[in-house]
Each structure stands twice: as C-alpha cells, then as structure tokens.
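Novice: Sharing a structure here in structure tokens format.
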Amino acid sequence: MRIRIAGARVLGGQAQDIEIADGRLAEPGSAGRPDLTVDADGLIALPGLVDMHVHLREPGREDAETVETGSRAAARGGFTAVLAMANTQPTADTAGVVEQVWRLGRESGWTQVQPIGAVTAGLEGTRLAELGAMARSAAGVRIFSDDGHCVSDPLLMRRALEYVKGFDGMIAQHAQEPRLTEGAQMNEGVVSAELGLPGWPAAAEEAIIARDVLLAQHVGARLHICHVSTAGSVEIIRWAKSRGARITAEVTPHHLILTDDLVRSYDPVYKVNPPLRTAEDAAALRQAVLDGTIDVIATDHAPHPAEHKCCEWTAAAMGMVGMETALAVVRLAMREEEGFGWDQVARLMSRNPARIAGLPGQGHGFEPGAHANIVLVDPGAPHTIDPADSASLGRNNPFAGTEVDTAVHSTFLYGHPVVLDGELQSPHPASKEDTWPL
Ligand SMILES: [Zn+2]
C-alpha cells in the first residue's frame, strides 16, 4: 500500500510530504501514485508512540480489558507498541502465558504488543519465575516486572538482576516497600492526616529505589523504575545516573499534573498506585522530564470494571486508564514548561521507550527505509475528555471533563492506517503472518 501524508510538520518543523510504500518510509516522489492521500495540513507527525507500561488484563480479567480492546485503545492514543504487564490471571510467569499474550497481540493487529514477564512466580516474591524460558520463547521477553507488587526481598532482586544481565534483559521495579505501606490508602501528608486515611509515605518508594540503584550498579545490570512519583525519588535517580548506573525511569501523565488534594472528593477515580502526591512532587517530576532524569512517560493504563471503582474509597481498586488521553494530558501538564516541545514528546513517548524495550521497528526517525510507525497529532483540537468515548473497556479516567487541545488524528502501524481522522479503521492485514512485525 502506498500512502502520501501531505504537508505534515515532522516533529513540529516545516510542513513536508511523507511517503510510505510497503510499510516503510520512502523518498518523497518515489512511491508512485498513492492508494491513499492524507491531508495533514496543520498536523504534527511523530514516530508512533510506545507505552512501556499497560495492563491489558487478559488472560483472566476479560471483564476489565482484553488484548483486543486494549490494542484498539492504544491505536486511538497514537501508540504503535505497548508493553503488557504480567499481573494477569494466570500470571505471565511462564513461556506459555507470555506467548499467549504475544499471540493475542499479533492476532489483534491494532498495535504491537510485547509482553513483560513476571520476576517471581505468581508475583509472590518468593522464588524467581522462568525468566530464561520466557526470554527464549517466541515472545522474546526482555523486560521482567512484578508490577502491582514490589520485588521487596533484596537477595531475590539481586539474583533477578544477575540472571537477566546474561541476555541484556532488564528488571522493571514497582518501588513500594510493603511493610511501610500496609493498608495505605493515599499519599501520607497533610491531606491524609486531615481525612484520617492511612498514608503511604514517600520514603516507602524512595527506600526501594535507593536500594535497587545500588544493587543494579553492583551487579552491572539494567534496572528500570516504574511510575516514579516523588521529588525524593527523582533526586536518588539523578544521583545514581551521575554515578553511571544503568538505570532508566518512567513517570505517568497523571503524576505530572494531579495531586493528593483531589482525594478530598473521596472519588475513587483518583485512587491509584503509587498514590497521587503533592504539588511539589508533581513539579519535581516535570523538571525531571525536562532535564532527562526521567527517560519515559508511560501510562500505567489500568482499566477496572465499574463495580471496582464506583464504591467507597477504601474498598475501591487502584488504577486509572490512560492510553487514549495520554498525549493530550502530557501536553496539558507540560504547557508551562519551557523547552518541552514535540521533539521531547517523541523522545519520552517513543524513542526512549523503544530503545529501552529493544523494539527495533519503533521509535525511529523519518529517514527513508524506516518502518512507517507514525502518529499524526492535531495540536489545535479543543475538546472535553469523555471517558465514554473510548475503545477501552475501562471508564476510570480521572481526566473526565477536562478541557484539552491535543488530539490524535491518525496512527500508522508498519505502514497501515489503523486510525484515520480519529476513527479506528482496520487491523494490520499482515499481523497474523509469520513475518509480523514486518
Ligand atoms: Zn506499578
């Protein structure tokens, strides 16, 4: 299929035509008569976004999300690849389960789905999962995480880092000291004291990050820190990077802008793990995005059925959906930050996650021959976020009713238009073939 994208501003630069032939970018004028021309006047072209942290819930909780529905939501959000966390039922802790998720992703064909394997069997934190078998499986797992749980045993964490170092794998840690957060319902601070809800101290996150950056440097292995949420965590990561540790870190869109003040509403849509922190924490996270201490913005898309969210605060599940609104929310959160342009969006939401996750077809530039994973963004599309307007099964979006100005116009997955003018089109026709991803 030949496609001409007419007059797009690549990374926000001058308008130019982009041509796609057989799934790759072509020299302008070389692709011949296009089968499809997309008028991109006023639109920004970015490399397809890569979300390092999503919960697709399948297998086991298909009432919350499936690989198919989550993939459709990803495409609508401009994501051409997502990494699916392992806290499914059964846990993705064997070659069989990660291959199942990988195969479901291929069959859906809306985005590239790369499974993350569990670090410990059943996420129970007592013995290592079959890391080598998952790495050697068809899914080719390289990132392991017990996300939702912390690998809290320091010896087990050390062994995991040593094991994955052998094949340049990586451990992605959900940093939450379990004893310090027993029964915790929200950030520990002024608001938790006022509301009388058990608090979740920043130190419970920071203590694990401090321990793990030391372990990672000692072992010489790669460590990724999921959803950093406190100013103190940022300082520790900055310090560890300055010492040459092989660490990377991510932040969610919601932690860049929402704060624990919102918990005063007792609306469980604001209940999330790690919890919303203070305005000072959010400001430190935005600064860390700007100065490169944070490498990745990832959604932690966590859909829940209504009955797990429409209940009292203490009984509600933790988590927020986010793939379809991530780009708009990031633009909103960073609007006052000087130096945060489209190139930074591409770096934090595509190039860095693609490199860290080892996805060679993703996070590329716009040179001829590159895989045509592209998102077209409309930066002048004022609208109100409506959780019902979603391909995800989850409606637990904390940005419901928020006015934003950025919308995903089109998403091209290996040269195939999966979304055009904001509407889902068709899955990639080659997604069921052996050559996928192309
Ligand atoms: Zn987590």
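Novice: Only one residue in ALA245, ALA204 is surrounded by fewer than 24 Cβ atoms within 10 Å (Cβ to Cβ), in a helix (DSSP H, G or I) and of a type in the set (Gly, Ala, Ser). Which one?
Specialist: ALA204
Here's the yes/no breakdown for (1) within 16 Å of the ligand (Cβ to nearest atom); (2) surrounded by fewer than 23 Cβ atoms within 10 Å (Cβ to Cβ); (3) closer than 10 Å to ILE247 by Cα:
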position	(1), (2), (3)
GLY196	no, yes, no
ARG222	no, yes, yes
CYS226	yes, no, no
SER229	yes, no, no
VAL234	no, no, no
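Novice: Still on this structure: Given the structure, is ALA210 assigned to a helix (DSSP H, G or I), within 25 Å of the chain's Cα centre (by Cα), surrounded by fewer than 23 Cβ atoms within 10 Å (Cβ to Cβ) and within 14 Å of the ligand (Cβ to nearest atom)?
Specialist: No, not satisfied.
Novice: Considering the stretch 223-244 alone, what residues qualify as being more than 20 Å from HIS255 (Cα to Cα) and in contact (Cβ under 8 Å) with a residue 60 or more places away in the chain?
Specialist: LEU223
Novice: Hey, another quick one. Give the number of residues within the stretch 307-327 that are assigned to a helix (DSSP H, G or I) and surrounded by 21 or more Cβ atoms within 10 Å (Cβ to Cβ).
Specialist: Residues that pass the stated criteria total 2.
Novice: Sort out for me the strands (runs of 3 or more DSSP E) sitting completely within the stretch 1-98 that have 1 or more residues that are of a type in the set (Phe, Trp, Tyr) and in contact (Cβ under 8 Å) with a residue 12 or more places away in the chain.
Specialist: Per the criteria, 79-84.
Novice: Please go through the stretch 131-185 and pick out each residue that is small (Gly, Ala, Ser), at positive phi and away from the ligand (no atom under 16 Å from the Cβ).
Specialist: Answer for the stretch 131-185, where residues must be small (Gly, Ala, Ser), at positive phi and away from the ligand (no atom under 16 Å from the Cβ): GLY140, GLY183.
Novice: Confirm whether ALA391 is under 22 Å from PRO303 (Cβ atoms), in contact (Cβ under 8 Å) with a residue 12 or more places away in the chain and in contact with a strand residue (DSSP E or B) (Cβ under 9 Å, 6 or more places away or on another chain).
Specialist: yes
Novice: Pick from HIS371, HIS364, HIS383: which is under 18 Å from LEU36 (Cα atoms), touching a strand residue (DSSP E or B) at 6+ places or on another chain (Cβ under 8 Å) and not β-branched (Val, Ile, Thr)?
Specialist: HIS371
Novice: Just to be sure, is GLY358 closer than 28 Å to ILE116 by Cβ and exposed (fewer than 15 other Cβ atoms within 10 Å of the Cβ)?
Specialist: Yes, satisfied.
Novice: Being outside any helix (DSSP H, G or I), touching a Gly at 6+ places or on another chain (Cβ under 7 Å), in contact (Cβ under 8 Å) with a residue 60 or more places away in the chain and not polar (S, T, N, Q) is true for just one of HIS304, HIS364. Which residue is that?
Specialist: HIS304 is the lone residue from the list that is outside any helix (DSSP H, G or I), touching a Gly at 6+ places or on another chain (Cβ under 7 Å), in contact (Cβ under 8 Å) with a residue 60 or more places away in the chain and not polar (S, T, N, Q).
Novice: For the stretch 105-142, how many residues meet the condition of being assigned to a loop (DSSP other than H, G, I, E, B) and among the acidic types (Asp, Glu)?
Specialist: Matching residues across the stretch 105-142 total 2.
Novice: Considering only residues of the stretch 260-274 that are crowded, with 20+ Cβ neighbours inside 10 Å and over 17 Å from the mean Cα position of the chain (by Cα), which is nearest to the ligand (Cβ to nearest atom)?
Specialist: Per the stated criteria, the residue is LYS271.
Novice: Does LEU376 satisfy the condition of being touching a strand residue (DSSP E or B) at 6+ places or on another chain (Cβ under 9 Å), surrounded by 24 or more Cβ atoms within 10 Å (Cβ to Cβ) and touching a residue at least 24 places away in the same chain (Cβ under 8 Å)?
Specialist: Yes: the conditions hold for LEU376.
Novice: So which of GLY363, GLY401 is at pLDDT 95 or above, under 21 Å from the mean Cα position of the chain (by Cα) and on the phi > 0 side of the Ramachandran plot?
Specialist: GLY363
Novice: Please enumerate the residues belonging to the stretch 143-176 that are in a loop (DSSP other than H, G, I, E, B), of a type in the set (Gly, Ala, Ser) and either in contact with a Pro (Cβ under 7 Å, 6 or more places away or on another chain) or closer than 16 Å to ILE116 by Cα (or both).
Specialist: SER145, GLY148, SER152, GLY169, listed by residue number.
Novice: Here's something else I'd like to know. Looking only at the stretch 244-281, which residues are out of contact with any helix residue (DSSP H, G or I) (no Cβ under 6 Å at 6 or more places or on another chain) and at pLDDT below 95?
Specialist: Correct list: GLY244, ARG246.
Novice: If you check ALA284 against the conditions, is it more than 27 Å from PHE79 (Cα to Cα), in a helix (DSSP H, G or I) and touching a residue at least 40 places away in the same chain (Cβ under 8 Å)?
Specialist: no
The values are calculated or read from the model by the stated rules, or taken from the named source; none is laboratory data. It should be emphasised that the depicted structure is a prediction, and the values quoted were computed from it without experimental measurement. Cβ atoms come from the backbone with ideal geometry, glycine included; neighbour counts cover every protein chain shown.
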